[in-house]
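This report concerns only the one structure given below.
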Amino acid sequence: MSLKTAIVWFRQDLRIADNPALHHTLENGYAIIPLFILDDENAAQWRRGGARRWWLHQSLGALNGDLREHMVFRVGDAAEMLANLIDETGAVAVFWNRCYEPWQIKRDEAIKSGLSDNGIAVKSFNGSLLWEPWNISKGDGTPYRVFTPFYKRACLEASPPREPLERPARITYADHSANIGALDDLKLMPDVSWYESMSEFWEVGEDDAHKRLNHFLQHGLAGYKGDRNRPDMDNVSRMSPYLTNGEISPHQIWYKARSYAAAHKVPNSDIDSFCSELGWREFSYALLYHFPHVTWDNLQEKFNDFPWKSQDSDDLERWRRGQTGIPIVDAGMRQLWQTGWMHNRVRMIVASLLVKNMLVHWHRGAEWFWDCLVDADLANNSASWQWVAGSGADAAPYFRIFNPVTQGEKFDPKGHYVRKYVPELAHMDDKYLHKPWESTNPPANYPAPIVDLKNSREEALAAFKGIKNLE
Ligand code: FAD
């Protein structure tokens, strides 16, 4: 007797282990059709940017290999693509893991009810969050806007995250004669090969996510709390692109890190600090769910009157290209361009320079990150930019304006990070590395600073005080 056929719709869960939708399908005796749909139509403004498209191409290639080349690839409106595939194959069920961007929630709800009305079994699962947003709220039922009580009081005291699911021992594929398409039909790879340095930096796919995690556990977890701010060291996990694309789940990271810490006597402060960073990701998702306008509108409305300077200027282009003349900022922006990733401390510094010293709207920074980051994540990117701008939930206070010189001296004390990404400064004396304009002999091929840090700080403070008075 042939098995019933179910479509497993892969989205931001590009893995086989700990994939609740896949697990459910196999447990319930279905033969599967794995499907990926590139639905730029519904994503509209939030279609994946260039770096993430590059990553997605590599990741789908790896997953399809693991699925013995059974993946079906489609491009277009997801509801239409699913309906077509059901017609072509006689599938009786569709299962997927939930996504949380506002346009995805809206689309998926419509798909769910449309399929159910047509007698197709449909079920969604939690594959990507430790605590889904609707399960965490304050006593009065309203959502949290401050991280610490959200994470410490609500998440940690709620039920523990579910345990990860094992990799299925066997996958049964459905026989069908539908056109399976090809990965290349998605046209994810750019025409110009700007991604070459990125390919050297990353290994993409589910197996590589675990290799990278193991490397971090062995070399970065002990000491993480203190050293996570050091861009000159290799001691953060770099799990973010694997999480964004779902080659690993936060559940797998959470439990593996905790059991490694217990077995290797890693100090509690380090493992707790690492887990609380995963908690920040949960917080961003909760904000996105409860305040879906966080992607574009200031969470604090008083910022709507903030006097941003002109939007598209040469200065913005200099920031994007890492030519601001401020070493730690240029190193970060060039790291982003070359690798599709930037260290968290440096993300905060470059963002602060843009929105505070340069008074450019946070939208411009968020857009550039969206296009350039392999981990571009609508929840984390929106919440983090608003955090730096001061307009978000639990935001950095307006008077917190990072000084990129002291930040550089503190977190890149020997200048290894700056020298790596800004070779013009490779031979600069340590004393002036983070402020070459003070040297009597600055390199001729490196620009003068884009702003005077002291004056621009005062200008920003005055602008922020102005809107504060509007309260
Ligand atoms: P680790 O330090 O190893 O942390 C482990 C995981 O915890 C990360 O992979 C990530 O999922 C989560 N995490 C860590 N820090 C944060 C944080 N501050 N907020 C939310 N989650 C966090 N992160 C993204 O994943 N996508 C983005 O688009 C993004 N945009 C950002 C924009 C700005 C302006 C800033 C300041 C931060 C942004 N972040 C973003 C958050 C953070 O910088 C990255 O998650 C982190 O640098 C990823 O490196 P890692 O995996 O080595 O982090």
> If you go through the stretch 346-362 one residue at a time, how many are under 20 Å from the mean Cα position of the chain (by Cα) and either at positive phi or open to solvent by 20 Å² or more (accessible area, probe 1.4 Å) (or both)?
Replying inline: 2
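Given the criterion surrounded by 20 or more Cβ atoms within 10 Å (Cβ to Cβ) and modelled with pLDDT under 95, identify the matching residue among S382, S391.
One residue alone meets the criteria, S391.
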> Within the stretch 308-345, can you find the residues that are among the aliphatic types (A, V, I, L, M) and either closer than 26 Å to W54 by Cβ or within 25 Å of the chain's Cα centre (by Cα) (or both)?
Replying inline: L316, I328, V329, A331, M333, L336, M342
> Which helices (runs of 4 or more DSSP H) does the stretch 327-390 wholly contain that include 1 or more residues that are within 9 Å of the ligand (Cβ to nearest atom) and of a type in the set (S, T, N, Q)?
Replying inline: 344-352, 378-389
>> Looking at the structure I just gave you, is F36 open to solvent by less than 10 Å² (accessible area, probe 1.4 Å), of a type in the set (F, W, Y) and either over 23 Å from the mean Cα position of the chain (by Cα) or modelled with pLDDT under 95 (or both)?
In response: no
> What tally of residues in the stretch 217-234 results from selecting those that are near the ligand (Cβ under 9 Å from one of its atoms) and in a loop (DSSP other than H, G, I, E, B)?
Replying inline: 2
>> Can you report the number of residues in the stretch 401-427 which are assigned to a helix (DSSP H, G or I), touching a Pro at 6+ places or on another chain (Cβ under 7 Å) and within 16 Å of D234 (Cα to Cα)?
In response: 3
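So which of S177, S249, S237 is within 15 Å of the ligand (Cβ to nearest atom) and more than 30 Å from T406 (Cα to Cα)? Even if it seems obvious, please write down each step before you answer.
Values: S177 fails: within 15 Å of the ligand (Cβ to nearest atom); S237 fails: more than 30 Å from T406 (Cα to Cα).
Exactly one residue qualifies, and that residue is S249.
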> How many residues does the stretch 51-72 hold that are small (G, A, S) and open to solvent by 20 Å² or more (accessible area, probe 1.4 Å)?
Replying inline: 3
>> I want to confirm something. Restricting to the stretch 73-106 and keeping residues that are of a type in the set (S, T, N, Q) and open to solvent by less than 40 Å² (accessible area, probe 1.4 Å), which single residue is farthest from the chain's Cα centre (by Cα)?
In response: T89
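So which of S273, S199, S259, S284 ends up being open to solvent by 20 Å² or more (accessible area, probe 1.4 Å), closer than 25 Å to E132 by Cα and either away from the ligand (no atom under 14 Å from the Cβ) or in a helix (DSSP H, G or I) (or both)? Reasoning before the result, please.
Numbers: S273 fails: open to solvent by 20 Å² or more (accessible area, probe 1.4 Å); S199 fails: closer than 25 Å to E132 by Cα; S284 fails: open to solvent by 20 Å² or more (accessible area, probe 1.4 Å).
Just one listed residue meets the conditions, S259.
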> Can N214 be described as within 22 Å of K152 (Cβ to Cβ), at pLDDT 95 or above, more than 12 Å from the ligand (Cβ to nearest atom) and surrounded by fewer than 18 Cβ atoms within 10 Å (Cβ to Cβ)?
Replying inline: no
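Suppose we filter A462, A444 for residues that are open to solvent by 70 Å² or more (accessible area, probe 1.4 Å), over 30 Å from H290 (Cβ atoms) and among the small types (G, A, S); which single one remains?
Working: A462 fails: open to solvent by 70 Å² or more (accessible area, probe 1.4 Å).
Of the residues listed, the single one that is open to solvent by 70 Å² or more (accessible area, probe 1.4 Å), over 30 Å from H290 (Cβ atoms) and among the small types (G, A, S) is A444.
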> Has the stretch 409-416 got any residue that is within 12 Å of the ligand (Cβ to nearest atom) and either at positive phi or within 15 Å of the chain's Cα centre (by Cα) (or both)?
Replying inline: no
> When the stretch 222-256 is examined, which residues are found to be under 20 Å from G340 (Cβ atoms), aliphatic (A, V, I, L, M) and open to solvent by 10 Å² or more (accessible area, probe 1.4 Å)?
Replying inline: M233, V236, L243
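Rundown of residues vs (1) touching a residue at least 40 places away in the same chain (Cβ under 8 Å); (2) open to solvent by 60 Å² or more (accessible area, probe 1.4 Å), yes/no style:
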residue: D108; (1), (2): no, no
residue: G119; (1), (2): no, yes
residue: K123; (1), (2): yes, yes
residue: F147; (1), (2): yes, no
residue: P168; (1), (2): yes, no
> Name the residues in the stretch 240-251 that are in contact with a helix residue (DSSP H, G or I) (Cβ under 6 Å, 6 or more places away or on another chain) and over 15 Å from A62 (Cβ atoms), would you?
Replying inline: P250
>> Only one of F283, F274 is in contact (Cβ under 8 Å) with a residue 60 or more places away in the chain and farther than 24 Å from I16 by Cα. Can you tell me which?
In response: F283
> What is the number of the single condition among (1) open to solvent by 40 Å² or more (accessible area, probe 1.4 Å); (2) touching a residue at least 24 places away in the same chain (Cβ under 8 Å); (3) under 30 Å from V374 (Cβ atoms) that S193 does not meet?
Replying inline: (2)
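The values are calculated or read from the model by the stated rules, or taken from the named source; none is laboratory data. Being a predicted model, the structure only gives us computed values, none of them experimental. Neighbour counts run over all protein chains shown; Cβ positions are idealised from the backbone, glycine included. Just so you know, the surface numbers come from the protein's heavy atoms only, side chains and all, with ligands and any DNA or RNA stripped out. Shrake-Rupley method; radii C 1.70, N 1.55, O 1.52, S 1.80 Å.
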